[in-house]
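**Q** The following block contains the structure, expressed as structure tokens.
The values are calculated or read from the model by the stated rules, or taken from the named source; none is laboratory data. Just so you know, these numbers come straight off a predicted model, no measurement behind them. Methodologically, a virtual Cβ is constructed for each residue, glycine included, from the backbone with ideal geometry; neighbour enumeration extends over all protein chains shown.
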Amino acid sequence: METTLCIIKPDAVKNGFEDQINKKITSSGLEILKSKKISLTEEIAMNFYNEHSSKPFYNELVEFITSGEVIVQVLQGENAIKSYRALMGSTNPEEAEEGTLRKLFAESLSRNAVHGSDSQESAMREIAIMEDIFR
């Protein structure tokens, strides 16, 4: 079994989509192992997005993810990373396939409703960063 990190971002939480998103996650065969609604600190956000720190959109990422409550979750399942990324859809909701989370719930490219780890290495790093919030 594989694990991956899921974040339901501030736009989706603000719009009340968390139950619908979680229903799609569990009906896709993924199990939600851990879940917590929280406002991320700037320190956690900066650490989380560290790989993008030299990019022009870094500050916008940090600002957005700390702009409201998020739901941080650890998902588990067979090929969880690939499976959840397929369920999320393209980063740009206009390009996302019908029925994907971003097609259904995202507002825009930068307010795209959900985050998911893109590799096993990322999943391990991201889950480790968020582990303290589940205590």
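**Q** Kindly indicate the residue of the stretch 2-22 that is buried (at least 21 other Cβ atoms within 10 Å of the Cβ) and in contact with an Asp or Glu (Cβ under 7 Å, 6 or more places away or on another chain) and also nearest to E63 (Cα to Cα) among those meeting that condition.
**A** D11
**Q** Could you grab me the full set of residues in the stretch 12-36 that are small (G, A, S) and in a helix (DSSP H, G or I)?
**A** Those that are small (G, A, S) and in a helix (DSSP H, G or I): A12, S27.
**Q** Here's a follow-up. Out of the residues in the stretch 62-89 that are without any contact (Cβ under 8 Å) to a residue 40 or more places away in the chain and aliphatic (A, V, I, L, M), state the one that is farthest from A106 (Cα to Cα).
**A** Out of the qualifying residues, it is V62.
**Q** Looking at (1) closer than 25 Å to K14 by Cβ; (2) surrounded by fewer than 20 Cβ atoms within 10 Å (Cβ to Cβ), which one does Q120 not meet, given that it meets all the others?
**A** (1)
**Q** What number of residues within the stretch 66-103 are out of contact with any helix residue (DSSP H, G or I) (no Cβ under 7 Å at 6 or more places or on another chain), over 18 Å from I38 (Cβ atoms) and outside any loop (DSSP other than H, G, I, E, B)?
**A** Total satisfying the criteria: 8.
**Q** Quickly run through the stretch 51-61 and pick out the residues that are under 18 Å from I129 (Cβ atoms) and either acidic (D, E) or surrounded by fewer than 13 Cβ atoms within 10 Å (Cβ to Cβ) (or both).
**A** Once the filter is applied, which keeps residues that are under 18 Å from I129 (Cβ atoms) and either acidic (D, E) or surrounded by fewer than 13 Cβ atoms within 10 Å (Cβ to Cβ) (or both), the stretch 51-61 yields E51, S53.
**Q** Sticking with this one: Inside the stretch 104-130, can you point out the residues that are within 23 Å of S67 (Cβ to Cβ) and in a loop (DSSP other than H, G, I, E, B)?
**A** Correct list: A106, E107, S108, L109, S110, R111, N112, A113, S117, D118.
**Q** Tell me, which residue of the stretch 23-43 that is of a type in the set (S, T, N, Q) and more than 12 Å from I7 (Cα to Cα) is surrounded by the fewest Cβ atoms within 10 Å (Cβ to Cβ)?
**A** Within the stretch 23-43, the match that is surrounded by the fewest Cβ atoms within 10 Å (Cβ to Cβ) is S27.
**Q** Which residue, of R102, R125, is within 15 Å of the chain's Cα centre (by Cα), over 20 Å from N50 (Cβ atoms), modelled with pLDDT of 95 or more and not aromatic (F, W, Y)?
**A** The conditions single out R102.
**Q** Of (1) over 12 Å from the mean Cα position of the chain (by Cα); (2) under 20 Å from A12 (Cα atoms); (3) at pLDDT 95 or above, S110 satisfies all except one. Which?
**A** With (1) over 12 Å from the mean Cα position of the chain (by Cα); (2) under 20 Å from A12 (Cα atoms); (3) at pLDDT 95 or above applied to S110, the lone miss is (3).
**Q** Still on this structure: Within the bounds of the stretch 94-117, is there any residue that is surrounded by 14 or more Cβ atoms within 10 Å (Cβ to Cβ), polar (S, T, N, Q), in contact (Cβ under 8 Å) with a residue 40 or more places away in the chain and under 11 Å from L5 (Cβ atoms)?
**A** yes
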